[in-house]
Amino acid sequence: TWVSQANMDMALNEVMNEIIRNKKYKGVSISLVKDLRDNEMIDLSYKGFCYGPNMTMLIHPDWRSFADYISELRPKYKSRAQRALRKGGDIERRELRMTEMIEYRDEIYFLHQNVYKRSDFQIAKIDIDFFWNLKSNLGDDFQMTGYFINDCMIGFTTRFFYKNILEGYLHGIDYSINKRYCLYENILYDDVKMAIESRASLLNLGTTAPGMKSAVGAVPVPMKSYLKFKNHAINKVINPGEYFTTEEKVIRFPFKIKERLGTIRFDSKGPVHVRLITEKEFMKQDEYVESLIFNTEKPEISEVEFSFENIPAGVYAIIAFQDKNNNGRLDHILGLYPSEPFGFSWKAKAKMLPRFKDISFYVNKDTKDLNIDTAR
């Protein structure tokens, strides 16, 4: 049963306390809860620490197929994806039923141990029937996909489905042939493909390999883990943040910025304002994230090039208008029909104020620049 967000913090504490009270776990000396957003653990006896962000990817609603996603990538990352997919072209993918999970249980365990041994953060080894038990309890909300070459399993991945979220979970890899088939990259691209096909709006890819996951399109979301020692004295003096640290990883930005402004025909009466806005500022004329102003008094000016630098991750729109009466805002008739030359991102021929969702675009991480040309 999936717990609602509103009750998650209370449910977590109740579950952890119940586990600790269970005689079966009498010998357990440490309790650990991983990968929560800040302040979700209300039991103050747990010590919070950060160990790597969760790599998360928004699935754009306009992506109806994996090809739509590929078309959004910058040339460098599109070539990278196509190369990985070509190398993995001979891999056979099979969604494993419970009977097959039993049949391949030794291979599954061995392949996962390969990954576990390379992990920087080793918690506890899984039981050989761990995945079978997950499938038994969660049914269609849990999926395991096996990767085969000549009927030999070379890897697997697992996923959780809940509501509109797809969660990439544990996987296993034969590292001796990983590079030959770009196996891990194919697993990541398959996660993206599955998220699009299942109409998920969010894909969680976990905390490992942030560089490779950002190349697919994921962005880092800070997460906290919480630790509690059964020994109260130790629990008071130990600060897990001193022992668990992470190195800064290179985060990539693979997507093209594809914003188009409709042609703005201006004259010499008043400067041109170009503003970057979020939905919060959309209906507030005097608020914006960034604003640029261009003087149009010189008749030879026929084009304005502008650049917004260091744009933080988020959803934005751009509005450009000529402020003929110098009041710092786009004037309207009846509050709907702009009375000054104007243009919006994605709206080439808008005659009235559009909806924010129709003119907005997304930036998946801090990006160096956002360049758009608008002609007279």
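Computed from the C-beta positions of residue 325 and residue 280, the FRET efficiency with R₀ = 25 Å rounds to 0.45.
Sorting 183-189, 79-85 by average packing, meaning the other beta carbons within 10 Å per residue, from highest down gives 183-189, 79-85.
Length gained on full extension, residue 45 to residue 113, computed as 0.36 nm times the residue gap minus the Cα-Cα distance: 21.2 nm. For the range 74-136, a crude dipole built from +1 on the beta carbon of Lys and Arg and -1 on the beta carbon of Asp and Glu, taken about the Cα centre, is about 820 debye to the nearest 20. Under the simplified labelling scheme, the residue 235-residue 193 pair shows an inter-label distance of 4.7 nm, with each label point 7 Å from Cα along Cα→Cβ.
Using the Cβ-Cβ distance between residue 180 and residue 98 with R0 = 35 Å, the FRET efficiency computed as 1/(1 + (r/R0)^6) comes to roughly 0.70. Rounded to the nearest 0.05, what FRET efficiency do residue 76 and residue 125 give with R0 = 35 Å and r taken as the Cβ-Cβ distance? Could you check? Efficiency, rounded to the nearest 0.05: 0.35. Pairs spanning more than 20 Å between alpha-carbon atoms, out of 47/224; 78/193; 163/213; 34/125; 78/163; 47/125: 163/213; 78/163; 47/125. The phi-based Karplus calculation (6.51 cos²θ - 1.76 cosθ + 1.60; θ = phi - 60°) puts the 3J(HN,Hα) values of the range 176-187 at 5, 10, 4, 5, 4, 9, 6, 4, 5, 4, 5, 4 Hz, whole numbers, x for Gly and Pro.
Note down the relative contact order for the range 53-220 as a percent, whole number, built from C-alpha pairs under 8 angstrom at least six residues apart.
Values: 247 pairs, mean separation 60.2, N = 168.
RCO, the range 53-220: 36 percent.
Order of 232, 60 from fewest to most other C-beta atoms within 10 Å? Provide the component values of the computation, followed by the final result.
Details: 232 9, 60 17.
Lowest count first: 232, 60.
Compute the length gained on full extension between residue 202 and residue 62: take 0.36 nm times their separation in residues and subtract their Cα-Cα distance, giving the result in nm to one decimal.
Working: separation 140, 0.36 × 140 = 50.40 nm, distance 1.35 nm.
Between residue 202 and residue 62, full extension yields an extra 49.1 nm.
Every read-out reported here was derived from the displayed coordinates using simple, explicitly stated rules and does not represent laboratory data. All figures in this text were calculated on a predicted structure; none of them were measured in a lab. Here Cβ is always computed from backbone atoms with ideal geometry, including for glycine, and neighbour counts include all displayed protein chains.
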